[in-house]
Amino acid sequence: MALSPLDRPLRELATNDTARYVVPSQTHQPHQWAWDSCFHAIILAYLKPESAARELESLLESQWDDGRVPHMVFNPAVPANKYRPNAEDWGTGRPTSGIAAPPLLATAAKVIFRRTGDLEFLKRVYPRIGAYHRWLKGTRDPKERGLVGIVHPWESAMDDSPAWDGLRDEFLRRRGGEAAALPRIDLRGVPNAQRPGDEDHRFYGGLIQELQNTGWDGRRMAEGSPFYVADVLFNSLWAKANEDLSQIAWLLGEKGDSSQYRFYSSLVRQAIRESMWDAEARFFFPIDLRRWESIRVKSAAGFLPLYAQAASAPMASLLVEHLSDRRSFHYAVGVPAAAYGEEAFDPGCYRRGPVWMDVQWLLVNGLMRYGCFDLAHGVAERARRLVFEQGYWEYYDPFTGQGMGAPHYSASTLADIIEPFEPPDELRAGVQVLTEEQADRHEELAVLYRHPEACEDPIGIEQIVSTPRHIARRVLEKVRQEVKNALKPAPELSAETLQRMATSLKGVIQSQRGLWAEHPRISDLACVAGEAYFRGIGLPVRILSNKHLHRYLVLGLPGRPSWIVDLTGEQFVTHPLARVALLVERLTLELERDMAGGAPSWMRLEEQFLQTQYAVESCLRRQGTERPDRFEQESLVGVLKRDEACVDRLLRMALPSSTPTLQSYQQWLAGVLVQVSSAPWGPPGARLRRPGSRPASGR
């Protein structure tokens, strides 16, 4: 049986699950890495929310007394000779490394809360994440200049980036033959050319020795490491992490902490703009903090100030031009780890050229924050295509797309959550048979079938607008014939039996619609036919409507839970306009619930608006989008107007820092409403196009 889109990533994660946390790769990286674990927690928050908190909290169990969260935690069940450097090589006196990872903890915690609503989880992790932020700030930026330094290339997550070659070569010249490479366990099962070289590993091992000499004291590590760099990726994530921790603190009532983290996030953003931007190269570069010199090597990390919203609008416009430059970062397959034009670019070697899913995910989210929805969609689509065609590899060739490195790599399942408005997998089946409890388990299904304003909406053949009247009559006549031939259902009607009946009924409807059968946007016809069928065989049935979105059937069997039956749910998968309406309605209902509690969750605000803009713009952009019929046009206008009213209310109660975001979104929403309201409606098969665009050929 073919795997569903949800089954594939969950199977990969299960392959690497240790019951406490998910490892990057059982065969090649069998321990816990903080960088990967934070991404795993984000992925699980979307795909398996009940496991997301466990992933993050297991990582925080390794926190040192001084507040640091080590970049690596050793699994005691794994033999010491299976991975090097092992705990003995690090010499920290505990089963962890002594360095840090890019700061994703607060961001992951925020995503988990947004997906689960688990406030107790936030209360548990907030003090620990706060301690980590204080350690990082106090040891890596004690003078509060804004930029924090890293003391080892592994802290950058871009281990062998060409940006570090100069510092590596200088270090090895100074050390001579003293820096010996650790045993190369990483080459087992992977070609040598796909991994960092022996010189890189002599560099890594030599730096560990230097850091051991500091006694792993945080400040002494920064003062004494020959490698002390303000990395673009690390600082971009640091700015975003402080923003996210500020929002968590506000939610927990820690208003003083919230202000402090917000101030520091602003300070980091300003420092990134002023110190890392190179106007001539139109790119962000890391800084060698020992000399305060820019390291002018283009790596994918240079795009990540977009993720932090640290780039000014003019900077962002210049920066994204590199994504269409074939000598820079053209993303025909995916955005490479280093620019094609760099002398040290290598399409097959680790972080020197291949495409990584962590970078794609961060970049897509950054592009969305600057309204670059076309580019975000393009990068996301290519990422999804790579894992669909190649599987979940550690990284991919930027020219051929071939998977490389470790197979069954957990973090590459980021590609499955890179699109922010994927419809529920259950809707792909087309025919839904659900209990109310089952519908409540998924946000979008709950909006469709458990909407707070859902009400009975009886309609007859004269109200059907999706299908010509003569075809609707033909469908109903065929349904009546089916009723005559049907057996009376057993009192204990099972889900399987009801599913077979509904699927058969859907087939009857489609068989009578001729050329119209390819269009599933027929909830009016399906409900009229379904009501006739189920009532005809003796089952109590009602037609319900959730205001702007959809009609469906509810079978109320005496003494038993009601069954929800939807014959046309696939329209929320196959038709972008229906998908957009569902997404906007869900996000608006979330905000309304927040406001009803008296204190809107500002932590949700920006992400929700970005998701709405991304979805609507992507829908309007596509040449192949089918033009809505009248019901769908009214549906989209209805949910957008509801969203507009919600934003108006939010503006009256907004924090000053949130007002510009709200006003910008309000202006965008007004323009889209005019556009959608004035678009001509018609029968399925016509095309929706943006004003001023040329008609699709052949139409």
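The values are calculated or read from the model by the stated rules, or taken from the named source; none is laboratory data. Please read these numbers as outputs of a predicted model, since none were measured by experiment. So basically every Cβ, Gly included, is an ideal-geometry build from the backbone, and we count neighbours across all protein chains shown.
Side notes on the structure shown:
- Among the residues of the range 263-270, at least one is touching a residue at least 12 places away in the same chain (Cβ under 8 Å), touching a Ser or Thr at 6+ places or on another chain (Cβ under 9 Å) and more than 25 Å from Val297 (Cα to Cα).
- The listed residue being buried (at least 20 other Cβ atoms within 10 Å of the Cβ), closer than 26 Å to Ser412 by Cα and in contact with an Asp or Glu (Cβ under 8 Å, 6 or more places away or on another chain), out of Arg352, Arg382: Arg352
- Residue ranges of helices (runs of 4 or more DSSP H) in the range 313-408 with at least 2 members of a type outside the set (D, E, K, R), closer than 12 Å to Phe303 by Cβ and modelled with pLDDT of 95 or more: 313-320, 357-369
Residues checked against (1) buried (at least 21 other Cβ atoms within 10 Å of the Cβ); (2) more than 23 Å from the chain's Cα centre (by Cα):
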site: Ala279; (1), (2): no, yes
site: Arg296; (1), (2): no, yes
site: Leu306; (1), (2): yes, no
site: Leu318; (1), (2): no, yes
site: His330; (1), (2): no, no
site: Ala339; (1), (2): yes, yes
site: Leu362; (1), (2): yes, no
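- Taking the criterion of being in contact (Cβ under 8 Å) with a residue 24 or more places away in the chain, within 33 Å of the chain's Cα centre (by Cα) and assigned to a loop (DSSP other than H, G, I, E, B), the residues of the range 81-94 that qualify are Tyr83, Arg84, Pro85.
- Test: residue in the range 4-22 that is among the β-branched types (Val, Ile, Thr) and either in a helix (DSSP H, G or I) or over 26 Å from Asp118 (Cα atoms) (or both): yes
- Within the range 134-186, restricting attention to residues that are under 18 Å from Met221 (Cα atoms) and among the β-branched types (Val, Ile, Thr), the residue that is surrounded by the fewest Cβ atoms within 10 Å (Cβ to Cβ) is Thr139.
- Condition met for Ala106 (in contact with a His (Cβ under 9 Å, 6 or more places away or on another chain), part of a helix (DSSP H, G or I) and buried (at least 24 other Cβ atoms within 10 Å of the Cβ)): yes
- The condition of being of a type in the set (Asp, Glu), out of contact with any strand residue (DSSP E or B) (no Cβ under 7 Å at 6 or more places or on another chain) and surrounded by 17 or more Cβ atoms within 10 Å (Cβ to Cβ) holds for Glu444.
- The range 187-231: number of residues that are touching a Ser or Thr at 6+ places or on another chain (Cβ under 7 Å) and surrounded by fewer than 17 Cβ atoms within 10 Å (Cβ to Cβ): 4
- Scoring Gln63 on the criteria (1) in a loop (DSSP other than H, G, I, E, B); (2) within 17 Å of Ala109 (Cα to Cα); (3) modelled with pLDDT under 95 leaves a single failure, condition (3).
- Test: residue in the range 472-490 that is among the polar types (S, T, N, Q) and assigned to a loop (DSSP other than H, G, I, E, B): no
- Meets criteria (within 24 Å of Thr18 (Cβ to Cβ) and modelled with pLDDT under 95) for Tyr132: no
- Where Val541 falls short, out of the listed (1) closer than 19 Å to Leu493 by Cβ; (2) out of contact with any Lys or Arg (no Cβ under 9 Å at 6 or more places or on another chain); (3) among the hydrophobic types (A, V, I, L, M, F, W, C): (2)
- Check on Pro347, buried (at least 20 other Cβ atoms within 10 Å of the Cβ) and without any contact (Cβ under 8 Å) to a residue 60 or more places away in the chain: yes
- Listed by position, the helices (runs of 4 or more DSSP H) inside the range 172-263 whose residues that are within 24 Å of Cys349 (Cβ to Cβ) and either modelled with pLDDT under 95 or over 35 Å from the mean Cα position of the chain (by Cα) (or both) number at least 3 are 198-212.
- Exactly one residue among Arg54, Arg8 is at pLDDT below 95 and more than 29 Å from Asn192 (Cβ to Cβ), and that residue is Arg8.
- Summed over the range 484-507, the residues that are at pLDDT 80 or above, surrounded by fewer than 14 Cβ atoms within 10 Å (Cβ to Cβ) and closer than 22 Å to Gly559 by Cβ give a count of 4.
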